[in-house]
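Asks: Starting off with a structure, shown below.
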Amino acid sequence: MIHLGSGQRGPLHIIDTATSVECGREVRFRRSFRTLVECMVPACCAFPPSSTSDALSSDSDSVTGTIFGHRKGRRVSFCIQDDIRSHPLLLLEFAVPTSYLAREMQYGLLRIALKCDHRRHKDCSLYDVPVWCLYCNGRKVGFAIRRQMTTADTTVLKLMQSVSVGAGVLPKPEDDGDLLYLRATFDRVIGSADSESFHMINPVGSSGQELSVFLLRS
């Protein structure tokens with residue numbers, strides 16, 4: 001387990017109006033994602049060119065994935081939907097600070113692996129596993145839980161209904177500050193009954209963020 005302290009703080013570029021981003025073009029996607037990271041971490045970072053994508057199974061389809069959390073929060077939510085107006089297929093809460101996840105994102109490559117014990121959860125769907133061990137880029141950093149939708153979640157997702165792909169900030173009155181979000185299309189790949197993964201699809205020609213989430217039962 002590694003220490004997830006808040007670290008040093010620096011000047012933040014704050015957006016104080018709600019954003020609604022419809023990114024049909026790759027350049028708008030990259031600008032909006034860069035703005036999100038600038039709000040979450042002190043430094044502005046350039047993304048290196050992405051490497052060749054991992055080969056995906058033929059048993060795959062596309063879903064909408066949304067990552068959201070308060071700037072000063074200590075938990076980040078990950079929501080998977082068939083489309084932006086449907087009820088979530090899966091809603092997970094990562095027990096890590098928003099700032100830590102942003103620091104991992106700034107290098108342009110983020111692999112989130114969720115692992116559970118096959119002996120304890122062999123008789124249920126992966127989507128019904130209640131608690132996961134959480135790894136970020138190969139390091140164990142805590143845990144994740146599956147949870148039900150709350151009124152606050154419903155409000156947040158409704159505010160983002162006009163956003164199909166993009167990143168931005170929603171001003172919130174809570175002590176944890178503005179709510180940051182990243183929404184994208186993900187390839188959903190089913191490896192077996194014990195493995196499934198979600199791989200963020202960048203716009204054509206983009207060399208930006210590579211993000212994948214893996215569910216593994218072993």
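Asks: Please name whichever of PRO130, ASN202, THR151 sits farthest to the positive end of the charge dipole of the stretch 78-217, dipole taken about the Cα centre and charges placed at Cβ: Lys and Arg +1, Asp and Glu -1.
Replies: Of PRO130, ASN202, THR151, it is PRO130.
Asks: What does the C-alpha gyration tensor say about the overall shape of the stretch 71-183? Classify as rounded when a/c is under 1.5, otherwise prolate if a/b is larger than b/c, or oblate.
Replies: Values: a/c = 1.79, a/b = 1.27, b/c = 1.42.
Since a/c reaches 1.5 but b/c is at least a/b, the shape of the stretch 71-183 is classed as oblate.
Asks: Now for a separate question. Any idea how far apart ILE145 and LYS72 come out in nm if each label point goes 7 Å out from Cα toward Cβ?
Replies: The two pseudo-label positions are separated by 2.3 nm.
Asks: Can you give me the % of accessible surface on the stretch 72-212 that is carbon or sulfur? Probe 1.4 Å, all protein chains present, nothing else counted. Don't jump to the answer; show the numbers that get you there.
Replies: Numbers: 3100 of 6100 Å².
Taking all protein chains in place, the stretch 72-212 shows 51 percent carbon and sulfur surface.
Asks: If I model a spin label as a point 7 Å beyond the Cα along the Cα-Cβ vector, how far apart are those points for ASN137 and ILE84 in nm?
Replies: 2.9 nm
Asks: Starting from the Cα of ASP194, step 7 Å toward the Cβ, then list every residue of the stretch 129-167 with an amide N under 20 Å from that point.
Replies: 129-135
Asks: Once each part is reduced to its C-alpha centroid, what is the distance from the stretch 91-122 to the stretch 149-198 in angstrom?
Replies: With the stretch 91-122 and the stretch 149-198 each reduced to a Cα centre, they are spaced 14 Å.
The values are calculated or read from the model by the stated rules, or taken from the named source; none is laboratory data. Being a predicted model, the structure only gives us computed values, none of them experimental. Glycine also receives a Cβ, built like all others from the backbone with ideal geometry; neighbour counts cover every protein chain displayed. What goes into the accessible areas is simple: the full protein's heavy atoms, side chains included, and nothing from ligands, DNA or RNA. Shrake-Rupley method; radii C 1.70, N 1.55, O 1.52, S 1.80 Å.
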